[in-house]
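Notes follow the structure.
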Amino acid sequence: MDFKQARFLVLDGYPKEHRGPLADNQGTLAGELYATLIRDCAPGCQVDIAFPADLDSMLPSGDDLLAYDGVVWTGSSLTIHDEQDERVIRQIRFAQAVFENGMPMFGSCWAAQMAVTAAGGTCAKNPRGREFGLARKICLTGAGRGHPMFSGKKSVFDGFTSHEDEITHLPEGGVLLASNDFTSVQAVDVTYKGGSFWAVQYHPEYDLHEIASLCRWRREGLTAQGNFASIADADLFIEKMETLHLSPERKDLRWQLGVDQDVLNPDIRCQELRNWLDYKIKPNIKNK
């Protein structure tokens, strides 16, 4: 089945002043990255990108919003628990409006924090610092093992990641689906006011190149945190990631970086999005 009748809205959570540095460090803008992935997983669909952190940008409402079959949220460089930041408040209000319209949502990182916050839960800075590169040994909970978002997924797996905030309290209607030792909430399903939001704290949309680009951007902070002994050490990591991205058959680099098919194989890495499309979007398209 194709998705020629499907229309998606991707919300790029990065503010304009941070999208520039990301691009300057050879990273793909978050909205474009997710839009490309959705088009690959849902052939024939239409994808629009909005920038809700830009206060002068327009966001759909009313019938314009209802014209979409699903809403997908990217990551963000903002802080979800900054109650004084209008760029954050605006996005929370929009997520609440989508919930109230009963439209299915999906997303990564910022998305999980947004799903929880918009429904009344809380987030805070992770006392362990920034989880970066690979989130190791993400383990499905009992609810996660039986949840359709993880159909076909192993019970324990790794995923690309970059975040320093974490979910601390789930709202009523929130279900914990996955966790690891670094971050207690790695995946959630939030039902609120008739709407549904499946979200993961890690990034299925990333690949080795995108992680290398993020590291290039954040290498000073990562070095200060202790991820690297020096800037030169960070640069060597970046070089290895970029090389393995171009030559995934390199067994030596796979071993040195500790990566396997969980993240190298896009069919495995992006299973959660495909499941969302199958369970939340396809039935609605059939009924159009």
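Listing for the model above:
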read-out: Scan of region 245-288 for residues that are surrounded by fewer than 18 Cβ atoms within 10 Å (Cβ to Cβ), among the polar types (S, T, N, Q), at pLDDT 95 or above and under 28 Å from A112 (Cβ atoms), ordered by number; value: Q261, N265
read-out: Region 18-28, subset assigned to a helix (DSSP H, G or I) and of a type in the set (G, A, S), residue farthest from Y206 (Cα to Cα); value: G20
read-out: Condition met for G75 (under 19 Å from S162 (Cβ atoms), assigned to a loop (DSSP other than H, G, I, E, B) and in contact (Cβ under 8 Å) with a residue 24 or more places away in the chain); value: yes
read-out: Test: residue in region 54-66 that is buried (at least 19 other Cβ atoms within 10 Å of the Cβ) and either outside the structural domain of Q201 (by TED's automatic domain parsing) or under 20 Å from W276 (Cβ atoms) (or both); value: no
read-out: Any chance S162 is assigned to a strand (DSSP E or B), in contact (Cβ under 8 Å) with a residue 12 or more places away in the chain and among the hydroxyl-bearing types (S, T, Y); value: yes
read-out: Count of residues meeting criterion [assigned to a loop (DSSP other than H, G, I, E, B) and either touching a strand residue (DSSP E or B) at 6+ places or on another chain (Cβ under 6 Å) or closer than 22 Å to V200 by Cβ (or both)] in region 1-17; value: 5
read-out: Output for region 29-69, where each listed residue is over 18 Å from K282 (Cβ atoms), free of Cβ contacts under 8 Å to residues at least 12 places away in the same chain and in a helix (DSSP H, G or I); value: T36, G62, D63, D64
read-out: Considering residues of region 75-95 that are more than 12 Å from P52 (Cα to Cα) and surrounded by fewer than 18 Cβ atoms within 10 Å (Cβ to Cβ) only, the residue modelled with the lowest pLDDT; value: E83
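Rundown of residues vs (1) at pLDDT below 95; (2) surrounded by fewer than 20 Cβ atoms within 10 Å (Cβ to Cβ); (3) in the same structural domain as D24 (by TED's automatic domain parsing); (4) of a type outside the set (V, I, T), yes/no style:
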{"site": "S179", "(1), (2), (3), (4)": "no, yes, yes, yes"}
{"site": "T183", "(1), (2), (3), (4)": "no, no, yes, no"}
{"site": "Q186", "(1), (2), (3), (4)": "no, no, yes, yes"}
{"site": "V190", "(1), (2), (3), (4)": "no, no, yes, no"}
{"site": "A199", "(1), (2), (3), (4)": "no, no, yes, yes"}
{"site": "A212", "(1), (2), (3), (4)": "no, no, no, yes"}
{"site": "S230", "(1), (2), (3), (4)": "no, yes, no, yes"}
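So that you can scan it fast, the table gives a plain yes or no per residue for (1) within 24 Å of F3 (Cβ to Cβ); (2) part of a helix (DSSP H, G or I); (3) touching a helix residue (DSSP H, G or I) at 6+ places or on another chain (Cβ under 6 Å):
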residue	(1), (2), (3)
V71	yes, no, yes
D82	no, no, yes
I89	no, yes, no
Q113	no, yes, no
V116	no, yes, no
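The values are calculated or read from the model by the stated rules, or taken from the named source; none is laboratory data. Small disclaimer: the values here were computed from a predicted structure and weren't measured. FYI the Cβ positions are ideal-geometry reconstructions off the backbone, even for glycines, and counts take in every protein chain you see.
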